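Take a look at the structure set out below.
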Amino acid sequence: MFFISTNNAEIIILFLPWIKYLERDGLKRCWYGNFHKFLRKLYIIFMLKNSMEKSYGLKEGILIIERDLTELDYFVRDFLQVLKNHSDYLIVSGFVSISTGRTRATEDVDILVPVPDKEKFKELFDDLIKNNFWCYQGENFGEVYLYVEDMQSIRFARKDQMFPNMEIIFINESKKAKYYEFTHPLKIKIKDFEFKIPPLEFEILYKEIILAGKKDIEDAGHLRNLFKEILSKDRFEEYEKVIIDELNSYKTK
Amino acid sequence: MNKIKLSKIPKTDLDYVEIYAENLKTNPELFKQQKMLIESQMKSSRSFFQNLFKGKDFKTEARKYLKERGG
């Protein structure tokens, strides 16, 4: 019971040399020998238990994060519940790192959304307002749609709150890197909250190469270290080409 | 339970981020600290703006506030 209550396999390791000493003294057949076997079994159980205590796992291609939901998750989840009735999406940037445990503050959650036509946007806009969100850019869909057709970002927050906000970044096929990540999503699940993010390797490279601010480099460092065991060299190589093309296109503009 | 194991001596902010991520891998308990920080930030933000715009129309004041700051 002592070993179980401490939940520490290292304590059992400490006992092993003592048990070995007893074995050498010919006591293997007495109860110490059985005790040794018992400890060995306990050790294996604890090692298995420890190996299971991970903060994440991959199940059928879905990245599972082992934590409770935060208020920020509930905000994003509530927004997505409305958005998903009208459009596809991809959550990108800071929230990808934060949702996987990066401990930092944020004001906005970036989300890629294919640019909608006027009618579809009206339905989405009205539904968001009906569900207690407000838009920074204006009160009615007509004035906000001017931003949409110009492919400028728009932001929504909860009623009577400023932050956090969802920053909708509109995309189409002309935005090559963003369109690429949008069409290669990775599913992530925290409790019952499931949403789509870019492949981890893509997100890391985008932050390191394109965004490249201090915060972005640290976000990438978080993802690189946390997911070291599941990151793929081949995927890094594949995505790097897409991102370098994007970088070059900025330089020629 | 929430002790951080140091794989190297941290010098830069990035070192701290990397060490934290390394530890987080096998210690989901650290998520509790993250939850506290995030929720504290949200609570502070909510309280700050509700006091700032008290008695006025929130959206009008918020847009004015954002415009003044180039938002």
*asked:* Testing the spin-label approximation: label points 7 Å from Cα along Cα→Cβ at B:Gln50 and A:Glu173. State their distance in nm.
replied: 4.9
*So which residues in the range A:218-240 end up with at least 30 square angstrom less accessible surface once the other protein chains are there, compared with the chain by itself, probe 1.4 angstrom?*
A:Glu218, A:His222, A:Asn225, A:Leu226
*To the nearest 10 Å², what's A:Asp216's accessible area with a 1.4 Å probe?*
20
*Can you flag which of A:Lys54/A:Lys215; A:Lys191/A:Lys215; A:Lys54/A:Lys189; A:Lys228/B:Lys25; A:Lys118/A:Lys196; A:Lys54/A:Lys228 are past 18 Å Cα-Cα?*
A:Lys54/A:Lys215; A:Lys191/A:Lys215; A:Lys118/A:Lys196
*Please report, as a whole percent, how much of the solvent-accessible surface of the range A:118-253 comes from carbon and sulfur atoms (probe radius 1.4 Å).*
48
*Could you order A:Glu240, A:Glu60 by accessible surface area, starting with the largest, using a probe radius of 1.4 Å?*
A:Glu60, A:Glu240
_Leaving ligands and nucleic acids out of the surface, order A:Lys251, B:Lys56 by accessible area at 1.4 Å, largest first._
A:Lys251, B:Lys56
_If I take R0 = 22 Å and measure r between the Cβ atoms of B:Lys11 and B:Gln33 in this structure, what FRET efficiency does the formula 1/(1 + (r/R0)^6) give, to the nearest 0.05?_
0.50
*Per residue of A:101-112, what is the mean number of Cβ atoms on other protein chains within 10 angstrom of that residue's Cβ?*
4
_For the range A:65-76, 3J(HN,Hα) per residue [Karplus equation, 6.51 cos²θ - 1.76 cosθ + 1.60, θ = phi - 60°, Hz, x = Gly/Pro]_ = 9, 8, 8, 7, 6, 9, 4, 5, 4, 4, 4, 5
*What per residue convex hull volume, in Å³, do the alpha-carbon atoms of chain B yield?*
137
*asked:* I'd like the accessible area for B:Arg69: 1.4 Å probe, protein heavy atoms, all chains in place, Å² to the nearest 10.
replied: 150
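If you filter the range A:104-175 for trypsin sites (Lys or Arg not before Pro), then keep DSSP loop positions with at most 14 other Cβ within 10 Å, what is left?
On the way: sites: A:Arg104, A:Lys118, A:Lys120, A:Lys122, A:Lys130, A:Arg155, A:Arg158, A:Lys159, A:Lys175; in loops: A:Arg104, A:Lys159, A:Lys175.
When the trypsin sites (Lys or Arg not before Pro) of the range A:104-175 are filtered for loop state and at most 14 Cβ neighbours within 10 Å, A:Lys159 remain.
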_Rh (Kirkwood; distinct C-alpha pairs) - the range A:148-196, Å_ = 13.2
*Short version: ³J(HN,Hα) in whole Hz for each residue of the range A:103-118, in order, from phi by Karplus 6.51 cos²θ - 1.76 cosθ + 1.60 (θ = phi - 60°), x for Gly and Pro, what are they?*
8, 8, 7, 8, 9, 9, 10, 7, 9, 8, 9, x, 4, x, 7, 4
*Evaluate the Debye formula for the range A:62-207 with equal point scatterers sitting on the alpha carbons, no solvent, and hand back log10 of I(q)/I(0) at q = 0.09 Å⁻¹, in q order, two decimals.*
-0.26
*Would you grab the residues whose amide H sits under 5 Å from the one on A:Val109? Only those 5+ places off in sequence or on another chain, please, with H modelled 1.01 Å from N.*
A:Asn165, A:Met166, A:Glu167
*Between chains A and B, what is the buried accessible area in Å², counting both sides, with a 1.4 Å probe and ligands, DNA and RNA left out, to the nearest 100?*
3200
*Between A:His184 and A:Asn248, take the C-beta separation as r, use R0 = 22 Å, and let me know the FRET efficiency to the nearest 0.05.*
0.60
*So how far apart, in nm, are the two label points at A:Met151 and A:Leu69 if each is 7 Å from Cα heading toward Cβ?*
3.5
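Note down the relative contact order for the range A:138-210 as a percent, whole number, built from C-alpha pairs under 8 angstrom at least six residues apart. Could the numbers behind the result be given before it?
Values: 58 pairs, mean separation 11.6, N = 73.
Rounded, it is 16 percent for the range A:138-210.
Of all the C-alpha pairs in the protein assembly as shown, what % are more than 29 Å from each other?
Details: 25863 of 52326 pairs.
Above the 29 Å cut-off, the protein assembly as shown has 49 percent of its Cα pairs.
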_Gain upon complete extension [A:Ile62, A:Lys41; 0.36 nm per residue less C-alpha separation]_ = 4.3 nm
*Got a sec? What order do A:Ile62, A:Ile197 fall in by accessible area at 1.4 Å, biggest, i.e. largest, first?*
A:Ile62, A:Ile197
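The values are calculated or read from the model by the stated rules, or taken from the named source; none is laboratory data. Note that the structure is predicted; figures quoted are calculated from it, not measured. Quick reminder, even Gly has a Cβ in these numbers, built from the backbone with ideal geometry, and neighbours come from all protein chains shown. Side chains included, ligands, DNA and RNA excluded: accessible areas come from the protein's heavy atoms. Shrake-Rupley method; radii C 1.70, N 1.55, O 1.52, S 1.80 Å.
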